[in-house]
């Protein structure tokens, strides 16, 4: 995406969310709530550059104040927080509230042939564009973009090689289809927000967690769980959404000037889906040393033990012997 196109998208958001009575020279302040740390992969590689582009495109007239790490709204409360206007924009994990978007939950059915965040995100957005029944699920807020993670793997404190290894395993999953999947595998599904997973693994509240590589790296789960079972368990799906009243407060002439909402969504989608796939590649990056650590930090690909259910390598599609473990390289 060219720089000119990036600036056009940033300007569009500023235009779309501008206050009804704002004069052209008046500064517009918007708040954005996020559950993730500002140093995590997504915020540092997508959210922060995008916010900067909005401010540059509007010559500083629009300022977006980001509240990271659940400082304004807890992740599990994000939907209702944006709906009620606590923040103007928010990052939502839809799996926290499967009852809100049951039709969209088709994206999180287990073992779908979704190989990347890009493919999953395109499919989800097209479902939203095509079906009014899916659009209706989001009518309490204004979705700016819908996107998915790459396939979730299982990060666990003990090796999980066979279906028998799932029996009684306490696994952190999202609500909806992922919960039913965990039950079908014989595991005990546990719904825990991602920011709490590290501590839950460390204290033994859960034995493992389904998560994409981005979360493994961003939340440093590799410090408390050393085993990784690679299978396309499910993809999580998310929204970057705006307060409905804020969106509808645009002046009539702004409504006429602004391109369709789905154009905005498709462009913002490029930021999100791209960084998800780059995060998957980022598992090979060396983890940063931790202050006061008792041991040297290790590369993620040196600390993981890799097991593929069914003997299928999800990266290259080749068959390997059942239960083979790929040891640190």
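The values are calculated or read from the model by the stated rules, or taken from the named source; none is laboratory data. All values derive from a computational prediction rather than experimental measurement. Every residue, glycine among them, receives a Cβ derived from its backbone with ideal geometry; neighbour counts consider all protein chains shown.
Against the test of being surrounded by fewer than 19 Cβ atoms within 10 Å (Cβ to Cβ) and at pLDDT below 95, the options 74, 80, 59 yield a single qualifying residue, 59. Looking across segment 150-163, the residues that are out of contact with any helix residue (DSSP H, G or I) (no Cβ under 6 Å at 6 or more places or on another chain) and not in a strand (DSSP E or B) come down to 151, 152, 157, 158, 159, 160, 161, 162, 163. Say we look at segment 234-253 and pick out the residues that are assigned to a helix (DSSP H, G or I) and modelled with pLDDT of 50 or more; which of these is nearest to residue 98 (Cα to Cα)? Across segment 234-253, the extreme among qualifying residues is 244.
If you check residue 146 against the conditions, is it surrounded by 21 or more Cβ atoms within 10 Å (Cβ to Cβ) and either in contact with a strand residue (DSSP E or B) (Cβ under 6 Å, 6 or more places away or on another chain) or farther than 17 Å from residue 180 by Cα (or both)? Outline the logic, then answer.
Values: surrounded by 21 or more Cβ atoms within 10 Å (Cβ to Cβ): yes; either in contact with a strand residue (DSSP E or B) (Cβ under 6 Å, 6 or more places away or on another chain) or farther than 17 Å from residue 180 by Cα (or both): yes.
Judged against the criteria, residue 146 is a match.
Of the residues making up segment 183-233, those that are under 19 Å from residue 96 (Cβ atoms), over 17 Å from the mean Cα position of the chain (by Cα) and in a loop (DSSP other than H, G, I, E, B) are 205, 206. Note on segment 109-147: residues that are assigned to a helix (DSSP H, G or I) and within 28 Å of residue 85 (Cβ to Cβ) total 11.
Results for (1) assigned by TED's automatic domain parsing to the domain that holds residue 213; (2) more than 30 Å from residue 227 (Cα to Cα); (3) in contact with a helix residue (DSSP H, G or I) (Cβ under 7 Å, 6 or more places away or on another chain), shown as yes or no for each residue.
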residue	(1), (2), (3)
99	no, yes, no
102	no, yes, no
107	no, no, yes
137	no, yes, yes
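Residue by residue, here is whether (1) in a loop (DSSP other than H, G, I, E, B); (2) touching a residue at least 60 places away in the same chain (Cβ under 8 Å) holds:
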site: 54; (1), (2): no, no
site: 69; (1), (2): yes, yes
site: 87; (1), (2): yes, yes
site: 92; (1), (2): no, yes
